[in-house]
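One structure below.
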Amino acid sequence: MVQTLVEPVTVEMKPSHIEFLENKFDHLRNHGFFLEHFGGSTYLLRGVPSIFKGSNPAQYLIKIIDMVIGETSTRNPKEVLAASIACHSALRAGMTLSFEEMTETINLLTTIYNPHTCPHGRPTMVHLTYYQLERQFGRK
């Protein structure tokens, strides 16, 4: 799903980004990024994946391209792109969620193959023993 932007955002691309766009433009479009070449190193960003919830879509796009460029030497570019989009669209520390959003997040975690890590391998949850909880609350 794509969220069309009310006003297109201009994005200045570095040479490495332009090279990436020339080779992987269709990958970005298939994942919800609608870009249009505006001239020189400038592109217009007209749409982003609907899961994106940030306020700076140009910065979001640049970070994802940087992640893909940095990781594609050893992994499939399509997988890296999907993982990067998921990671940048994910819940972040300090975000306020309603009870329903928290419940839905836990329910969704139970439906995936590996709920213990994000696509990049970072933990999504930790296991605390009864003993560790006692120590944290000064009970032992």
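Residue-by-condition table, conditions (1) of a type in the set (Val, Ile, Thr); (2) surrounded by fewer than 10 Cβ atoms within 10 Å (Cβ to Cβ); (3) at pLDDT 85 or above:
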residue	(1), (2), (3)
Ala86	no, no, no
Ala90	no, no, no
Ala93	no, yes, no
Thr96	yes, yes, no
Thr105	yes, no, no
Leu109	no, no, no
His116	no, no, yes
Val126	yes, yes, yes
Tyr130	no, yes, yes
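Per the listing Leu81, Leu35, the residue uniquely surrounded by 11 or more Cβ atoms within 10 Å (Cβ to Cβ), modelled with pLDDT of 85 or more and under 28 Å from Pro8 (Cα atoms) is Leu35.
If you check Val68, Val11 for being β-branched (Val, Ile, Thr) and under 15 Å from Ala82 (Cβ atoms), only one passes: Val68. Determine whether the range 52-60 contains at least one residue that is modelled with pLDDT under 85, crowded, with 16+ Cβ neighbours inside 10 Å and among the aromatic types (Phe, Trp, Tyr). Yes, some residue in the range 52-60 is modelled with pLDDT under 85, crowded, with 16+ Cβ neighbours inside 10 Å and among the aromatic types (Phe, Trp, Tyr).
The values are calculated or read from the model by the stated rules, or taken from the named source; none is laboratory data. Computed from a predicted structure; not experimentally measured. All Cβ positions, even for glycine, are placed from backbone atoms using ideal geometry, and neighbour counts span all protein chains on display.
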